Amino acid sequence: MAKQKYYVVWVGRQPGIYSNWAECTEQVNGFSGAKYKAFETKAQARQAFALGWARCIGATPALELPPEVITDSISVDAACDGSPGNLEYRGVHTKTNKELFHVGPLENGTNNLGEFLAIVHALALLQKQDKSIPIYSDSRTAIGWVKQKDVRSKLPRHQDTTKVWDLADRALSWLENNTYPNELLEWDTAKWGEIRADFGRK
């Protein structure tokens, strides 16, 4: 049986605390700039709601990381409420959890495309900053697409998916025209828990 979670909606149709994912999605699905996150207990949810989203998303104090994790790195993740569905992706500094970029929601995307876009976004950002630190992703598929410079998504190309595919095509073009020193590392969720950029919506 799935463990009870509590969903805080800071920015949405009706901000508040919700006890199930279905009620949460009613408040945030399709709502531009929605801010929400899941918590393990009602007490945590109440505290987070009072603190506000800026202190709870991408800026929470860093938990202790396993010694094998390279802390000076970027962790990326994507969240999609369907396949296709509303897609978001972001990158955070692995040690501090500071959010470095956040894109979305984008309509009619997929999780794999979001994971791919997040990695390339991080690569381009690090190139501009002249940094060679590694990037963590929990998506083996997305890492493979980046290394192969080949997106193998089954998402159809049509008017409703134009925006997501335009971003993917731009990302592929960037990969074809740039080199990077950054290692792409797979986050070991089984050993380390959820990746630091996780949206907390599971």
For the chain, give the percent of accessible area contributed by carbon and sulfur heavy atoms, probe 1.4 Å, rounded to a whole number. 49
Given H placed on each backbone N at 1.01 Å, which residues far from Leu106 in sequence or on other chains put an amide H within less than 5 Å of it? Leu87, Glu88
Given backbone amide H placed at 1.01 Å from N, residues whose amide H is under 5 Å from that of Asp77, ignoring those fewer than 5 places away on the same chain, are Arg90
Using just the helices of the chain, give the 222 nm mean residue ellipticity in deg cm²/dmol: DSSP H runs with n ≥ 4 each add -39,500 (n - 2.57), and the total is spread over all residues, rounded to 500. -9500 deg cm²/dmol
Want the number for Thr179 to His158: 0.36 nm per residue separation, take away the alpha-carbon distance, what's left? 4.5 nm
Once Rh for segment 51-202 is found with the Kirkwood sum over Cα pairs, what is the Stokes-Einstein diffusion coefficient at 4 °C and 1.567 mPa s, in µm²/s? 83
Give the Rg/Rh ratio for segment 118-201, taking Rg as the radius of gyration of the Cα atoms and Rh as the Kirkwood radius, to two decimals. 0.99
Electrostatic dipole magnitude of the chain [Cβ: Lys, Arg +1; Asp, Glu -1; Cα centre; debye, to 20]: 400
Per residue, how much accessible area does segment 129-171 have with a 1.4 Å probe, in Å²? 63
Any chance you could give the angle, 0 to 90 degrees and rounded to 10, that helix 42-51 forms with the longest Cα principal axis of the chain? 70
Along the charge dipole of the chain, which of Pro134, Leu172, Ala118 sits closest to the positive end, that is, farthest toward it, with unit charges on the beta carbon of Lys, Arg, Asp and Glu (+1, +1, -1, -1)? Ala118
If you count only protein heavy atoms with a 1.4 Å probe, what accessible area per residue comes out for segment 49-125, rounded to a whole Å²? 43
Return the FRET efficiency for the residue pair Lys191, Asp72: r is the Cβ-Cβ distance, R0 is 22 Å, and the value is rounded to the nearest 0.05. 0.65
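The values are calculated or read from the model by the stated rules, or taken from the named source; none is laboratory data. This is a predicted model, so every value here is computed, not measured. With ideal geometry, Cβ positions are generated from the backbone for all residues, glycine too; neighbour counts draw on all protein chains shown. Just the protein is used for accessible areas: all its heavy atoms, side chains included, with ligands, DNA and RNA removed. Shrake-Rupley method; radii C 1.70, N 1.55, O 1.52, S 1.80 Å.
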